[in-house]
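Shown next, in structure tokens, is the structure this report addresses.
Computed from the coordinates by the stated procedures, all read-outs in this text should not be read as laboratory data. Keep in mind that this is a model prediction, so the values were computed, not measured. Backbone-built Cβ (ideal geometry, glycine too); neighbour counts: all protein chains shown.
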Amino acid sequence: MAKLIDGKAVAAEIRAKIALEVAELIHHGVTPGLAVVIVGDDPASRTYVNNKKKACEQAGIYSEEYALPATASQNEIMDLVAKLNAKKDINGILVQSPLPDGLNEEAVVEAIDPEKDVDAFLPSNVGRIMIGNHHFLPCTPAGIIELLRSENIEIEGKDCVVIGRSNIVGKPMAMLLLHNNGTVTICHSKTKNLKEVCRRADILVAAVGKPKFVTADMVKPGAVVIDVGMDRDENGKLCGDVDFANVAKTASYITPVPGGVGPMTIAMLLRNTVAAAKRQSGMAKP
Ligand code: NAP
């Protein structure tokens with residue numbers, strides 16, 4: 001039976017360390033600040049935003065929420081981002097995805113000051129990640145690397161397979177595994193022989209968005225399985241991209257959903273906000 005990687009516990013530990021760091025920064029006159037922009041009334045987005053605000057509060061990070069109606073225009077949102085770019089007490093800006101239909105999300109994200117891009121979504125930050133000279137790491141993939149570290153799971157030399165090639169999870173995940181000297185394969189909807197490719201993986205990361213997509217026959221016995229999915233099963237219950245009950249019988253380590261990758265994403269957002277505050281106040285190490 002696989003060992004559970006307890007993302008909730010690892011995230012709590014990281015958040016406690018961040019809170020100490022924030023207290024130290026405040027002592028030196030720097031209070032990290034995060035602005036969260038939410039547009040429309042998507043219930044999942046509302047939950048994410050509430051969780052992020054609560055996490056900021058617990059860590060001592062100042063946060064502001066800007067809730068705009070679904071009818072907000074592109075110009076209104078762009079103006080708000082410009083205002084937040086100029087705000088001295090705000091070090092990080094996060095625009096909760098997805099924006100309602102009809103809005104150009106890419107343009108909104110690209111309007112964020114790269115120094116305040118705590119999601120690491122801007123092309124300039126993505127490029128920095130690519131060349132291994134990052135200011136911020138993308139939250140979900142960075143959280144996964146921390147989860148692997150928490151169990152002393154070696155990445156170097158391992159066959160790593162990432163299912164999914166989105167800009168926010170799959171691609172940056174592959175890049176971080178590569179930077180950690182993994183041998184990386186990225187799979188997607190056009191991949192042939194997906195099962196065989198996945199079965200080669202020592203470390204398998206599922207970021208597909210399909211409930212219980214990864215079945216036990218796709219997993220090499222003893223593999224480490226990381227489940228990024230946040231899906232709903234046939235009863236509307238939260239589940240991941242991995243058929244947890246069966247895959248747990250064959251994997252060596254596995255992350256649960258909920259309580260695996262999700263809590264790490266928020267912890268990494270806090271870490272990036274602190275990094276942004278340090279950079280903007282000249283306290284970051286060169
Ligand atoms: P996405 O943008 O929809 O990307 C899904 C990827 O899966 C695509 O690259 C797609 O391939 C691939 N795919 C779809 N069907 C496939 C198939 N049959 N075989 C192989 N690959 C297939 O999703 P995302 O934003 O990366 O998110 C993935 C999941 O992670 C979602 O459940 C999301 O809710 C969750 N998530 C969780 C967190 C967290 O903090 N826990 C953070 C972000 C996302 P193509 O490119 O060919 O279409």
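Specify which residue in the list V242, G262, M218 is farthest towards the positive end of the charge dipole of the chain, using unit charges on the beta carbon of Lys, Arg (+1) and Asp, Glu (-1), about the Cα centre.
M218
In sequence order, what are the phi-derived ³J(HN,Hα) couplings for segment 116-133 according to the Karplus relation 6.51 cos²θ - 1.76 cosθ + 1.60 with θ = phi - 60°, rounded to whole Hz, with x for glycine and proline?
Listing the rounded values in order: 10, 7, 6, 8, 6, 9, 5, x, 5, 6, 4, x, 4, 5, 4, 8, x, 9 Hz.
With a 10 Å cut-off between alpha carbons and a GNM built on the chain, which of P43, P221, P98 moves the most?
Greatest mean-square fluctuation among the candidates belongs to P43.
What are the extents of the Cα atoms of segment 1-148 along their three principal axes, in Å, largest first?
Cα extents, longest axis first: 47, 45, 35 Å.
Counting other C-beta atoms within 10 Å, and keeping those with at most 12, which DSSP coil trypsin sites (Lys or Arg not before Pro) do you find in segment 72-176?
Sparse-neighbourhood loop trypsin sites (Lys or Arg not before Pro): K88.
Is the shape of segment 99-215 rounded, prolate or oblate, going by the alpha carbon gyration tensor and its root eigenvalues a ≥ b ≥ c, with a/c under 1.5 for rounded and a/b larger than b/c for prolate?
Taking the square roots of the gyration eigenvalues as a ≥ b ≥ c, segment 99-215 is oblate.
Taking the 0 to 90 degree range and rounding to the nearest ten, how far is the long axis of helix 74-86 tilted relative to the main principal axis of the chain, both from C-alpha atoms?
70 degrees
From the cross-link list K54/K237; K52/K116; K88/K171, which pairs have alpha carbons spaced over 22 Å apart? Mind showing how you got there, number by number?
Working: K54/K237 24 Å; K52/K116 16 Å; K88/K171 32 Å.
Result: K54/K237; K88/K171 exceed 22 Å.
Where does the chain land on the Kirkwood hydrodynamic radius, alpha-carbon pairs, in angstrom? Mind showing how you got there, number by number?
Working: mean 1/r = 0.0513 Å⁻¹.
One decimal place: 19.5 Å for the Kirkwood radius.
Distance from the Cα centre of segment 143-187 to that of segment 223-286, in angstrom?
A separation of 13 Å, based on Cα centres.
Just to confirm a number: summing +1 for Lys and Arg and -1 for Asp and Glu over residues other than L148 whose beta-carbon lies under 12 angstrom from that of L148, what do you get?
On the way: positive: R149, K158; negative: E146, E151, E154, E156, D202.
Result for the local shell: -3.
Count charges around D241 for me, please; just the other residues with Cβ under 10 Å from its Cβ, Lys/Arg as +1, Asp/Glu as -1. If you can, show how the numbers build up before the last one.
On the way: positive: K210, K212; negative: D227, D231, D243.
Net charge in that neighbourhood comes out at -1.
Throw me the Rg/Rh for segment 1-73, computed over C-alpha atoms with Kirkwood Rh, two decimals.
On the way: Rg = 15.8 Å, Rh = 14.2 Å.
That ratio is 1.11, to two decimals.
Looking at segment 224-266, which trypsin sites (Lys or Arg not before Pro) are DSSP coil and have at most 11 other C-beta atoms within 10 Å of their C-beta? Don't skip to the answer; put the middle values down first.
Details: sites: R232, K237, K249; in loops: K237, K249.
Qualifying residues, ordered by number: K237.
If one takes the longest principal axis of the Cα atoms in the chain, at what angle in degrees, from 0 to 90 and to the nearest 10, does the Cα axis of helix 139-150 lie?
So the helix axis and the longest Cα principal axis differ by about 50 degrees.
Which residue, chosen from T183, T140, V205, occupies the Cα position most advanced towards the positive end of the dipole of the chain, where the dipole is computed from +1 (Lys, Arg) and -1 (Asp, Glu) charges on Cβ about the Cα centre?
T183
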